[in-house]
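The values are calculated or read from the model by the stated rules, or taken from the named source; none is laboratory data. Keep in mind that this is a model prediction, so the values were computed, not measured. Cβ sites come from the backbone with ideal geometry, for glycine too, and all protein chains shown count toward neighbours.
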Amino acid sequence: MTSPNTLPAPIELLRKSVLAAYYALLAYFVVNTLMVFGEIRPASLAIWLIQAVPLLIFARGLHYANLRTYGWVSFVILLYFMHGVLIAFQPGQFWPGLIEASLSTVIFILLILFIRQYRDHYQVSL
C-alpha cells in the first residue's frame with residue numbers, strides 16, 4: 001500500500017480523478033434516490049445503501065492507492081455500468097440510466113489508466 005503523498009504527479013492526478021468520479025457516482029445515487037422517493041424514508045435509505053455499500057467497501061483502499069483495490073473496483077464498477085444500461089432502456093428512465101452508465105464508464109477508464117501507469121512506474125504486478 002502506497003501513501004498518496006509519495007505518488008508521482010501524473011499518477012496522483014489520476015488517483016484524484018478516480019476519487020472525484022467515485023464520489024460523483026455516490027452523490028448521483030443520493031440525488032436519484034431523493035428524486036424517486038421525494039424525501040428520506042427508511043425505504044429510500046435502504047435503496048441508497050443497496051446501491052452504495054458495494055462501492056463504499058473499497059473507499060479506504062482507493063484513498064490509500066492500494067493497487068489491488070483499484071483492480072477489484074474496476075470489476076465491480078462494470079455491474080453499475082450494466083445497471084445503468086438496463087435503467088436507460090426503461091420508459092422514462094433514459095437520463096438517469098445514461099448518467100449512471102456514463103459515470104461508470106469514466107470511473108472504469110480512469111481506474112485502468114491509474115493501474116497501468118502505477119504498474120509501469122513501480123514495476124509491480126497486480
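Residues are listed down the side, and each one gets a yes or a no for (1) modelled with pLDDT of 95 or more; (2) out of contact with any Gly (no Cβ under 9 Å at 6 or more places or on another chain):
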{"residue": "PHE89", "(1), (2)": "yes, no"}
{"residue": "SER102", "(1), (2)": "yes, no"}
{"residue": "LEU110", "(1), (2)": "yes, yes"}
{"residue": "ARG116", "(1), (2)": "yes, yes"}
{"residue": "GLN123", "(1), (2)": "no, yes"}
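Conditions tested, residue by residue: (1) crowded, with 16+ Cβ neighbours inside 10 Å; (2) over 19 Å from ALA21 (Cα atoms).
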| site | (1), (2) |
| --- | --- |
| ILE47 | yes, yes |
| GLN51 | yes, no |
| GLY61 | yes, no |
| THR69 | yes, no |
| VAL73 | yes, no |
| LEU79 | no, no |
| GLU100 | yes, no |
